[in-house]
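Participant: Please find one structure pasted underneath; my questions will follow.
The values are calculated or read from the model by the stated rules, or taken from the named source; none is laboratory data. Keep in mind the model is a prediction, meaning the values are calculated, not measured. Positions of Cβ are backbone-derived with ideal geometry, glycine not excepted, and every protein chain shown enters the neighbour counts. Remember, those area values only see protein heavy atoms, side chains included, never the ligands or the DNA or RNA. Shrake-Rupley method; radii C 1.70, N 1.55, O 1.52, S 1.80 Å.
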Amino acid sequence: MAINEIEHCEHTEVHAETVQAVREHMPAEDELYDLAELFKVFGDSTRIRILFALFEADICVCDLAELLGMTQSAISHQLRILKNAKLVKNKRDGKQVIYFLADEHVRSIIYQGLEHIEE
């Protein structure tokens, strides 16, 4: 067997009952699309680093830029993506904008991913 070859059935036999049972539990296409889009957001190490920082403290853009060694503009761009994905929220404190996790689900998603890669 070639290294790149994927194992597959040697004989095509559709198990209609299994297919139907699985089909009945599949989410709607638009939900699957939204889920895939959410996971794309996690596909950038800078955004992951920002989320880990927010696990520790609510933090302003200036402090995130210093912490990650990036410009405020670059951090703001990544925060906009995280905010659009409903992973972070922000509040104004005088002249600063403070970012924080939208909810505890964000932490759970990241830690489950981390646990998976550490197995």
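Participant: Magnitude of the Cβ-charge dipole of region 36-118, K/R +1 and D/E -1, about the Cα centre, nearest 20 debye?
Facilitator: Here the size comes out at about 440 debye.
Participant: Over the heavy atoms of residue 19, what accessible area does a 1.4 Å probe trace out, to the nearest 10 Å²?
Facilitator: Roughly 60 Å² of residue 19 is accessible to a 1.4 Å probe.
Participant: By how many nm would the segment from residue 119 to residue 83 grow when fully extended, if each residue of separation counts as 0.36 nm and the alpha-carbon distance is taken off?
Facilitator: So the chain would gain 9.9 nm between residue 119 and residue 83.
Participant: Does anyone have the angle between helix 72-84 and the longest principal axis of the chain? Alpha-carbon axes, 0 to 90°, nearest 10?
Facilitator: 50 degrees
Participant: For the chain, find the longest principal axis of its Cα atoms and tell me its angle to the long axis of helix 29-41, 0 to 90°, nearest 10.
Facilitator: Once rounded, one gets 50 degrees.
Participant: Multiplying the sequence separation of residue 30 and residue 63 by 0.36 nm and subtracting their Cα-Cα distance, what value in nm do you get?
Facilitator: Stretched fully, the residue 30-residue 63 segment lengthens by 8.2 nm.
Participant: From the helices alone, meaning DSSP H stretches of at least four residues, give me the mean residue ellipticity at 222 nm for the chain, per-run term -39500 (n - 2.57), in deg cm²/dmol to the nearest 500.
Facilitator: The helix contribution divided over the chain gives -18500 deg cm²/dmol.
Participant: To the nearest 10 degrees, how steep is helix 104-118 against the longest Cα principal axis of the chain, on a 0 to 90 scale?
Facilitator: Between the helix axis and the principal axis of the chain, the angle is about 60 degrees.
Participant: What residue among 28, 42, 72 has its Cα farthest toward the positive end of the dipole of region 9-78, where the charges are +1 on Lys, Arg and -1 on Asp, Glu, each on the Cβ?
Facilitator: 72
Participant: How much length, in nm to one decimal, is gained on full extension between residue 109 and residue 48, taken as 0.36 nm per residue of separation minus their Cα-Cα distance?
Facilitator: The residue 109-residue 48 span can extend by a further 20.8 nm.
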